[in-house]
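Just so it is clear, none of the values below were taken in a lab; they were calculated from the coordinates. None of the values given here were measured: they were computed from a predicted structure. As a convention, Cβ positions derive from the backbone with ideal geometry for all residues, glycine included, and neighbour counts pool all protein chains shown.
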Amino acid sequence: MRSAGRRLHAALATWPDAQGWRQAGRELLWGLPAIALLAFVTGLARFDPMPFGARWLAFFFGLMLVPALGEELAFRALLVPRPDQPFPAWQAVLAVTAFLLWHPLQVLGFGPAWSALFLDPRFLAIVAVLGALLVRLYRATGSIWPCVATHWLVVAAWKLLFAGPIG
């Protein structure tokens with residue numbers, strides 16, 4: 001438990017240096033276009049913005065905590081070693097697979113109105129690409145914050161601008 005606490009603290013307390021931000025930028029250059037391409041080609045995204053207002057703002061800021069911060073702490077800070085530590089390929093696969101499986105498992109635990117989407121292979125392909133991108137961001141920076149921002153903005157853009165399910 002002490003080790004988990006140290007990992008969480010280190011992930012939260014670390015802010016990327018200039019080199020880390022450059023590396024994060026390079027990762028985003030492949031990851032965000034891949035996610036957008038998959039979302040639009042599969043029909044899971046189309047431009048249909050939610051009207052701006054109090055509800056829009058509540059969702060926008062709420063998505064920072066759940067799923068962004070919560071999932072990044074669980075699936076990056078706890079499962080992915082910092083950049084100065086070894087990171088075998090099997091561990092990367094485990095981290096992405098755990099993130100991927102978490103989404104269909106939510107259907108069993110929470111049963112939201114959008115459950116069918118969390119079982120959809122098209123959605124899970126996007127989740128896998130996002131998971132790989134987030135692992136690479138964490139390894140590039142040693143900080144959870146670029147991961148949280150990326151996760152937050154991807155989900156918020158999808159839900160608030162590109163017809164993702166709200167509920």
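Proximity of backbone amide H atoms, modeled 1.01 Å from N, is registered between PHE162 and ASP48 at under 5 Å, excluding neighbours fewer than 5 places apart on the same chain. The phi-based Karplus calculation (6.51 cos²θ - 1.76 cosθ + 1.60; θ = phi - 60°) puts the 3J(HN,Hα) values of the range 118-130 at 6, 9, 6, x, 5, 5, 5, 5, 5, 4, 5, 5, 4 Hz, whole numbers, x for Gly and Pro. Residues HIS9, HIS103, HIS151, ranked from the fewest to the most other C-beta atoms within 10 Å, line up as HIS9, HIS103, HIS151. Dipole of the chain computed with +1 at Lys/Arg Cβ and -1 at Asp/Glu Cβ about the Cα centre; of LEU133, TRP152, LEU73, farthest Cα towards the positive end is LEU73. Distance from the alpha carbon centroid of the range 42-82 to that of the range 96-123 works out to 15 angstrom.
Find the relative contact order for the chain and round it to a whole percent, using C-alpha pairs within less than 8 Å whose residues are 6+ positions apart.
On the way: 175 pairs, mean separation 72.2, N = 167.
Taking the mean separation of contacting Cα pairs over the length of the chain, I get 43 percent.
Rounded to the nearest 20, the Cβ-based charge dipole of the chain about its Cα centre (Lys and Arg +1, Asp and Glu -1) stands at 220 debye. Counting neighbouring Cβ atoms within 10 Å and putting the fewest first, the residues ASP84, ASP120, ASP17 line up as ASP84, ASP17, ASP120.
Here LEU100, LEU29, LEU153, LEU134 are placed in order of increasing Cβ neighbour count within 10 Å, fewest first, which gives LEU29, LEU153, LEU100, LEU134.
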